[in-house]
Amino acid sequence: QVQLVESGGGLVQAGGSLRLSCAASGIRFSTYTMGWYRQAPGKQRELVATIASGGNTNYADSVKGRFTISRDNAKTTEYLQMNSLKPEDTAVYYCNACLRSYCTWGRGTQVTVSS
């Protein structure tokens, strides 16, 4: 059974930091492109960052220089280190795993940044 479980969300003041984790099971983790997406109230889900199986990373312009995506294949876990958080980063953050045409999602974790 494929499962992605996010953790690490919470309430933080603007300028603060959080680290999200996504623990994966039921997939050959090292072969998947992993990603983080977010959805704010009333808005569409948007890409935050991805990390390919080989380690190449891609970031949304809005988070470049503030967020860092990483993965630990031995622990089948991906991470999102979020620094210099802004109120506009407030959203539900979703973990995503894709291999060719197959993608699966976690249930999300809430991140709230207060001003």
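The values are calculated or read from the model by the stated rules, or taken from the named source; none is laboratory data. Fair warning: this is a prediction, and the values are worked out from it, not measured in the lab. Cβ atoms come from the backbone with ideal geometry, glycine included; neighbour counts cover every protein chain shown. Heavy atoms of the whole protein, side chains included, go into the accessibility calculation; ligands, DNA and RNA do not. Shrake-Rupley method; radii C 1.70, N 1.55, O 1.52, S 1.80 Å.
What FRET efficiency would be calculated for the residue pair residue 98, residue 19, taking the C-beta separation as r and a Förster radius of 30 Å, to the nearest 0.05? E between residue 98 and residue 19, to the nearest 0.05, is 0.85. Between region 16-33 and region 66-115, the alpha-carbon centres lie 8 Å apart.
Nonpolar atom fraction for the chain, defined as the carbon and sulfur part of the 1.4 Å probe accessible area, stands at 45 percent. Among the protein heavy atoms, those of residue 22 account for about 0 Å² of accessible surface (1.4 Å probe, every chain in place). Accessible surface calculations at 1.4 Å, restricted to protein heavy atoms, place the chain at 54 Å² per residue. Longest segment of the chain with no trypsin sites (Lys or Arg not before Pro) in a DSSP loop having at most 12 other Cβ atoms within 10 Å? Longest stretch, sites excluded: 65-99.
Candidate cross-link partners of residue 64 among the aspartates and glutamates, defined by an alpha-carbon separation under 13 Å and a same-chain spacing of 8 or more, comprise 89.
In terms of its alpha-carbon gyration tensor, region 22-74 comes out oblate; a/c meets the 1.5 threshold, while b/c is at least as large as a/b.
Here the Karplus relation 6.51 cos²θ - 1.76 cosθ + 1.60, evaluated at θ = phi - 60°, turns the backbone of region 34-48 into coupling constants of 9, x, 10, 10, 9, 9, 8, x, x, 10, 7, 5, 10, 5, 9 Hz, with x for every Gly and Pro. Once the Cα-Cα distance is subtracted from the 0.36 nm per residue extended length, the residue 60 to residue 114 segment shows a gain of 17.3 nm.
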